[in-house]
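A.B. asks: Here it is, the structure in full.
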Amino acid sequence: MLAGAAAAARRRAAALAAASAAAPACAFHGAPRRWYEVAHAEEQVTKGWRRVSEEDVGGSAAAPADSSTPAPPFFPPPRPQPDGTHAVLLDGRPMRTPARKPLATPSRALALAVAAEWAAQQGRVRPFTMPLTALAATALDEPKPAGLVVDGLMRYLDTDGAAVRAPPGAPLAAPQAALFDPVLAWAEARFGHAFVPGSDIRGAPQPPAAAAAVRAHLASLTPWRLTPVAHLAGAAGSVLVALAVEGGAMGAGEAIAAARFEEDAQAAEWGVVEGGHDVDAAEMAVRVTAPALFLKLLGVRREGGGGV
C-alpha cells in the first residue's frame, strides 16, 4: 500500500512538473501531507464536491433512456465573463465552488488547467487529485479573511527557513548558505531592506523595516496570489521562498529543494526510509509544484497594481 501511495503521489508530482515546465514563464483549505491523511481528507470533502458536481450537471450526465452507460461529462472551453474572468464549464453550465460561487478564474490558462483536472476524474470525484481546483476554490471562497492570512504568514518570518541556519562551521552551514543566500539577496533587492540570517534555535528576527515591507507586499496581493503564496509558505516553511516563487525569481524545483533541505540532509546521512522519505518527497513535490504552477498560470503580476 505504501509503495502504491508513493507511486501515485509521484505520478501527480510528475504531471504537475510537466505542466509547470510547459506553462509560460512569468479549498482545499490545507493540503494533506501523508497518504492516510489524504484518504481521510478525501472522505471529508468528497461529499461537498460531489454535491457541487451533481447539482451543476443537473441530470445532463445521466444515462440516456436507451442506454445503461452514463454519458461522460463534457468540459467545453472556458467562457469569458463580463468581469474579464473565465468560467469553468461542465456540460455547458458554469461550475461552482463549495460555497456556491461561480468557478471563474482570472486567466484562461488557469481555467483550462482546472477543467483538465475535472475531466481527468473517473467514477467519483477525488479532490486530492485536483490541487489547482482546490486553490481556485480557496481563492474564491476565502474561508479566512486576508488580514488573518497575512498575520499568519508574518509569524513565519522570524523563523523563516531561508534565514535560520546551522551554526557557522557546522556541516550544513555551507550547503544552507549556497541554497538560501540567493533568496535573501533577492528579498533585499525586491523589498529594499536587508534580511539577516541567524543560528539561534529560537529563530532569526528580521529588522522591523524589512518585516514591514514584506507585510505591505502580502497585504497588496489579491486572493488569487495570496492563496498559493500561503500554501507555498506552509509547505516550504519560508515566506521568503514563497515570495521568490511568486515574484518569478525561483522555480518549483528550487522551491522543493528548499522545502526539503533538512529532510534530504538527514536521508543523505542516515539513509532513505522506504515508505517514509519517498512518500514525503513525492507529496512535497505536489504541495510545492501545484501553487507554483497556479501562480505561473495566473501570469506575471505587474508592479503598480496591474494584473492579478
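The values are calculated or read from the model by the stated rules, or taken from the named source; none is laboratory data. Computed from a predicted structure; not experimentally measured. Cβ placement follows ideal geometry from the backbone for every residue including glycine, while neighbour counts extend to all protein chains displayed.
A.B. asks: Limited to the range 153-185, what total is found for residues that are surrounded by 19 or more Cβ atoms within 10 Å (Cβ to Cβ) and either assigned to a loop (DSSP other than H, G, I, E, B) or touching a helix residue (DSSP H, G or I) at 6+ places or on another chain (Cβ under 6 Å) (or both)?
C.D. replies: Looking only at that region, the number is 9.
A.B. asks: Mind listing whichever residues of the range 186-200 are part of a loop (DSSP other than H, G, I, E, B), of a type outside the set (A, V, I, L, M, F, W, C) and closer than 18 Å to TYR156 by Cα?
C.D. replies: HIS193, PRO197, SER199, ASP200
A.B. asks: Only one of (1) of a type outside the set (Asp, Glu); (2) over 26 Å from ALA139 (Cα atoms); (3) over 21 Å from the mean Cα position of the chain (by Cα) fails for PHE180. Which number is that?
C.D. replies: All conditions are met except number (3).
A.B. asks: Listed residues VAL196, VAL164, VAL150; which is out of contact with any Phe, Trp or Tyr (no Cβ under 6 Å at 6 or more places or on another chain), under 30 Å from LEU103 (Cβ atoms), assigned by TED's automatic domain parsing to the domain that holds GLY234 and not polar (S, T, N, Q)?
C.D. replies: Result: VAL150 is the single residue among VAL196, VAL164, VAL150 that is out of contact with any Phe, Trp or Tyr (no Cβ under 6 Å at 6 or more places or on another chain), under 30 Å from LEU103 (Cβ atoms), assigned by TED's automatic domain parsing to the domain that holds GLY234 and not polar (S, T, N, Q).
A.B. asks: Further, regarding this structure: Quick one: in the range 156-177, of everything that is among the charged types (D, E, K, R) and closer than 27 Å to ALA282 by Cα, which residue is nearest to the chain's Cα centre (by Cα)?
C.D. replies: Applying the filter and picking the extreme gives ASP160.
A.B. asks: Shifting gears a bit: Out of contact with any strand residue (DSSP E or B) (no Cβ under 9 Å at 6 or more places or on another chain) and either in a loop (DSSP other than H, G, I, E, B) or among the small types (Gly, Ala, Ser) (or both): does that describe ALA204?
C.D. replies: In short, no.
A.B. asks: Taking the condition in the same structural domain as PHE195 (by TED's automatic domain parsing) and part of a helix (DSSP H, G or I), does VAL272 pass?
C.D. replies: Answer is no for this residue.
A.B. asks: State the number of residues belonging to the range 57-89 that are modelled with pLDDT of 85 or more and outside any loop (DSSP other than H, G, I, E, B).
C.D. replies: Residues that pass the stated criteria total 5.
A.B. asks: Continuing with this model, one more query. Residue by residue through the range 105-151, note down the ones that are closer than 24 Å to ALA219 by Cβ, in contact with a strand residue (DSSP E or B) (Cβ under 7 Å, 6 or more places away or on another chain) and hydrophobic (A, V, I, L, M, F, W, C).
C.D. replies: ALA136
A.B. asks: Continuing with the same structure: Mind checking whether some residue in the range 237-245 is buried (at least 21 other Cβ atoms within 10 Å of the Cβ), part of a loop (DSSP other than H, G, I, E, B) and outside the structural domain of SER107 (by TED's automatic domain parsing)?
C.D. replies: Looking through the range 237-245, at least one residue is buried (at least 21 other Cβ atoms within 10 Å of the Cβ), part of a loop (DSSP other than H, G, I, E, B) and outside the structural domain of SER107 (by TED's automatic domain parsing).
A.B. asks: On to the next question. Could you give every pair whose Cβ atoms fall below 7 Å, whose first residue belongs to the range 169-183 and is farther than 19 Å from ALA255 by Cβ, and whose second residue is not in a helix (DSSP H, G or I), counting only separations of at least 6 or pairs across chains?
C.D. replies: ALA173/ARG165; ALA173/ALA166; ALA173/PRO167
A.B. asks: What number goes with the only condition from (1) of a type in the set (D, E, K, R); (2) assigned to a helix (DSSP H, G or I); (3) farther than 18 Å from HIS231 by Cβ that ARG287 does not pass?
C.D. replies: For ARG287, the exception is condition (3).
A.B. asks: Counting just the residues of the range 111-142 that are under 16 Å from the mean Cα position of the chain (by Cα) and outside any helix (DSSP H, G or I), which one comes out nearest to MET284 (Cα to Cα)?
C.D. replies: Among residues in the range 111-142 that are under 16 Å from the mean Cα position of the chain (by Cα) and outside any helix (DSSP H, G or I), the one nearest to MET284 (Cα to Cα) is MET130.
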